[in-house]
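Contents: one structure, followed by commentary.
Taken together, the values in this text are just the output of simple stated rules run on the coordinates, not laboratory data. These figures come from a predicted structure and were not determined experimentally. All Cβ positions, even for glycine, are placed from backbone atoms using ideal geometry, and neighbour counts span all protein chains on display.
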Amino acid sequence: MDFYLILIVILMTLAVVDLIVGVSNDAVNFLNSAIGSRVASFQVILGVASVGILCGALFSSGMMEIARSGIFNPGYFPFDKIMIVFMAVMLTDIILLDFFNSLGLPTSTTVSLVFELLGAALVTGLLFAFDNGQGFEKWPEIINYSSAITIISGIFLSVFLSFIVGSIIQHIARIIFTFKLKKTLRKYGAIFSGMAITAIIYFLLIKGAKGSSFITDSQVKWIAANTVVIILISMVLWSILIQILMWWKKINPLKIVVLLGTFSLAMAFAGNDLVNFIGVSVAGLVSFQAWMASGIPASEFTLGILTEKIVTPTWILLIGGLVMVATLWTNSKSRKVTETEVSLGRQDDGDEKFKPNMVSRALVGSAMWVGKQANKIIPERWSRNLSIRFEKESAGDVAADQASFDLIRASINLVVASVLIAYGTSQKLPLSTTFVTFMVAMGSSFADQAWGRESAVYRVAGVINVIAGWLVTALVALLASGLMALIMYYTGIVGPLALTVVAAFLLVRSHIVFNKKEKEEKSESQLLEQKQVSTLQAIEESRKNTIHALHTFQRVISKSLNALLTEDAESLRNAHNELEKLKNQNEKFDSKIIKYVRKMEQGNLLTGRLYIRVFDLMQDLYQSTRLINDVIMSHVVNHHSPPKKKYAELTFELEKQFIAYTKAIVKSIEATHPIAIHAHLTKLQALLNNSLDELITDIQKDELGNRMGMLQTRVMLELRDLTETLADLDTAYHAKEK
């Protein structure tokens, strides 16, 4: 008993942790439209979502079907074996979701749970069958095959339908409203808002309240029987009320739609989806209580009780809701996931999170070809009139801190997602809210022409990466939970405890690494957050980035030259990795350089020129440093002879003087006034020129082998380029200060 009591405590603890990582991933479902459109302050948006989460948790129907009998047959398993299934599922779910949170990719918590249950139940059930002298023929008794196929096919079918429906509805809405909302909202705002609010209320009734312990079956039947009447009355009343508020208070009706939609999705999400995270643990608790009351040994007590309807106690739901709300306000990983979806759907150009790939290029190219063919068919007058409807406001009319997309798109995202989820629920079709909300958002951004030629390949690549991540989620969840079940099956008491410790270690490590990365990214983006950058700020930011890069170049050159003498391949790899990290940081800076220049004071050509010049010189420094590291790496890993005494001493002297010269450059750039570097420059140039002359002489005398001669030539030439580029870099900063 003591062992299983420990497992129940672990399961309930895992439920809390799973709630944290789950809401971190799935917050994107109900936050992205409000945040992307900047309908209100971030605190107000979180407040609305928090109320929705608490309502959804309290109105929750409790145990989700798939956590009990939707995927596997619990009656097949004795108590000791089903605890293995539940432990494997919870540990896998936490690690998997936290991994995707760290990457900032939204994934489906429903899909992960389905495949985790599938993998753990199948492995545990088959191992149990083998122990009883049976074989693979028992798998139909273990897995609820038809239910699993229905759930899985329904989930993935929703991906395509959501994108298509979102695209069509957004295209129609944009034709009606255009991007000039001030004019069109006065005409159509009340009717549109009335329809949108009605759709959201319908969503709340069907998805948010259905199965709630606070609503009786007769009330649910009455709602279903009078759905049409409810919809018509609601549409008329809301349209009239919104029109009155527009005349009287001059409100923007779309803000009401977006905030109400955020509340409804958060409520439905907490009431129906986040119960996934506590469902497995509650099933374990119920199983434990039933086993304790039976007095039967754990290996003989079967869990047919799980096929019956079980309602989670209200106090557990309340605690779960409070944990979700606390996570929403404090966990930065939830904002990371939200940023991914918002960035893929934003209306303006800018630095992209994803790199284009062959598939994204092919899809964009195909779409462009189809568009050209369509233009040949569509009459020119129609095409011209349609283009006018999609004309955006000029840059001068848009605020510097403009939203990623407008309130029309945010409203469409929420309404279409709500209607699709509500319809799927009413038809008893399993849907992933993550898949639906994400693909509706991508469809609406596509229809809104947010994926222009400047950004299309990047945005499509991002969508492909997210969808691929969903497929990976399913496969990894299946295999990982099965592997964990296998380990626990054969390790007895030790397995579950050891795997729990490993999971805790991975979570703590992930949290530390993520926080460190967040601090770096926050530091990098501080300058861009300001509406205008002064000359002094721009110079200081450029100086800070430059000095950081110079320290890296110095360390890489030093490590590479020393590694040549000691034949230390590992040191060369470390230097290479350090250079790659700098490259990634510089790529982020490079992608933002136009934004930096745009935010500088008007007419400040000298500072803009400094940024462009430094950008060019840093590229040269990186290429020369990379080439030195590469040629030495090739020499060492291929076990070629190290330099003999004369060139070993020369290598040591070159490293010594290059370090001294680089330090002088750094001090000069750091200083308010220029510091003389001429002596260091002249000394290093003289050493390089004399060494090159001696090298040529030794080659002519055949005193140096081909490989060593080529190596020394490349190193010296690149060092000479580095020396000259560093001098140009110092001149660029001093010229600015004159």
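For this structure, a couple of remarks:
- Peptides 706-719, 242-255, ordered by how many other C-beta atoms sit within 10 Å of their residues on average, highest first, read 706-719, 242-255.
- Environment charge at PHE652 (Cβ cut-off 12 Å; Lys +1, Arg +1, Asp -1, Glu -1): 0
- Sorting 83-92, 464-473 by their mean Cβ neighbour count within 10 Å, with the most densely packed peptide first, gives 83-92, 464-473.
- When peptides 133-146, 686-699 are sorted by average Cβ neighbour count within 10 Å, with the highest value leading, the order is 686-699, 133-146.
- Equivalent ellipsoid dimensions for region 236-298 as semi-axes, Å, which come from the Cα gyration tensor, largest first: 51, 10, 6
- Rg/Rh ratio calculated on Cα atoms of region 91-193 (Kirkwood radius): 1.28
- As a size descriptor, the averaged projected area of the C-alpha convex hull of region 445-509 was calculated at 6.5 nm².
- Hull shadow area, averaged, region 629-689 [alpha-carbon convex hull, nm²]: 5.2
- Annotation: region 95-134 has a Kirkwood hydrodynamic radius of 11.8 angstrom, from the mean reciprocal C-alpha pair distance.
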